[in-house]
Amino acid sequence: MKPPGNSENKIHLVFKLNKFIYTLNEEIMLTVAIQNQSENTIEFMNFKDDACFAHFYLKSKISKSISSQLNQIESPQPHCNTLSWPGSAQKIKPNEVIEKKLALATFIHESLEVGLYNVRFSWNEKMLGNLFEKKYNLNYNGSFSNKPEMYIVKNKKIIELELNKLVKLDSGFELALTGHTHKRTRVGQKSPLVTSFRFKKNNQNTEGEARVNVFPPEQFSIEGHGFEPISHKYNESMKLIYLGVLPK
């Protein structure tokens, strides 16, 4: 039951993997955004130690895809330095957003192998209730702002594409840049670099075409191959990091 005159407060938690393709032993970072979606200013217990933030606020579930089946990886509770408890109160104004950047290593204590992983996080509602229930009526929700899938690949290589010239990659996949254009967007929206490619799959004579909305420096994929944009000369060339064939 809500206390008289106290409206429900909404806190929204947004998770985002900073990239969706990583190489072996590369540090994997997660951005956690906490947004106050209510009309009231609320107090949020923050911690200097990110492991404490993860320990008290978050639950994680990380699984590896093997033969189309998800095998969960053990995710022990992050170790928290007790000196950080109970943290310090931080006020969040209505619609204000606080961001935390956490290393995935905070949640798993083993090295990840090459493969496709499913990464999911949620509020630890039991602990949040212990922290807030005496003072607020909170409605918690959370979501991923991008896909919760993540790839680990062996290595990466810088390539440069010139207009209409096929480049053969280590995997045998061939790729050529065929043009750039921009997409008209609404005021305040980011305009993607619309990039056209043609490609040839291994040992095939026929060519295919791909049109990708590129938002540098965000990664993208073509026919199961991963890429990360570095720079470009409009309708002339494009420098990319080639991340290889994405695991299935």
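The values are calculated or read from the model by the stated rules, or taken from the named source; none is laboratory data. Because the structure is predicted, anything quoted here is derived from the model rather than measured. Using ideal geometry, Cβ is built from the backbone for each residue, glycine included, and neighbour counts are taken over all protein chains shown.
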Open item on the list: Regarding the range 208-217, can at least one residue be identified that is within 27 Å of the chain's Cα centre (by Cα), under 16 Å from Lys157 (Cβ atoms) and touching a residue at least 24 places away in the same chain (Cβ under 8 Å)?
Closed with: no
Task: Scope the range 174-201; condition touching a strand residue (DSSP E or B) at 6+ places or on another chain (Cβ under 7 Å) and either in contact (Cβ under 8 Å) with a residue 60 or more places away in the chain or among the basic types (Lys, Arg) (or both); matching residues - done: Leu177, Lys183, Arg198, Lys200
TODO: Go through the range 49-61 and count every residue that is buried (at least 21 other Cβ atoms within 10 Å of the Cβ) and aliphatic (A, V, I, L, M).
DONE: 2
Open item on the list: For a quick check of your reading: which strands (runs of 3 or more DSSP E) sit entirely within the range 5-80 and have at least 2 residues that are modelled with pLDDT under 80?
Closed with: 9-17, 42-46, 69-73
TODO: Report yes if Ser221 is more than 24 Å from Leu24 (Cβ to Cβ), of a type outside the set (Val, Ile, Thr) and not in a loop (DSSP other than H, G, I, E, B), otherwise no.
DONE: no
Task: Subset of the range 33-72 [closer than 26 Å to Ser111 by Cβ and small (Gly, Ala, Ser)] - done: Ala51, Ala54, Ser60, Ser63, Ser65, Ser67, Ser68
Open item on the list: I want to confirm something. Restricting to the range 184-213 and keeping residues that are under 18 Å from Glu228 (Cβ atoms) and β-branched (Val, Ile, Thr), which single residue is surrounded by the fewest Cβ atoms within 10 Å (Cβ to Cβ)?
Closed with: Val194
Open item on the list: Looking at Glu223 and the list (1) surrounded by 13 or more Cβ atoms within 10 Å (Cβ to Cβ); (2) of a type in the set (D, E, K, R); (3) free of Cβ contacts under 8 Å to residues at least 40 places away in the same chain, which single condition is not satisfied?
Closed with: (3)
- [ ] Out of Gly244, Gly226, report the one residue that is touching an Asp or Glu at 6+ places or on another chain (Cβ under 9 Å) and closer than 30 Å to Ile66 by Cα.
- [x] Gly244
Task: Selected residue (criterion: farthest from Leu17 (Cα to Cα)) from residues of the range 132-163 that are in a strand (DSSP E or B) and at pLDDT below 90 - done: Leu138
Open item on the list: Take the residues in the range 106-122 that are among the polar types (S, T, N, Q) and assigned to a strand (DSSP E or B); name whichever of them is farthest from the chain's Cα centre (by Cα).
Closed with: Ser122
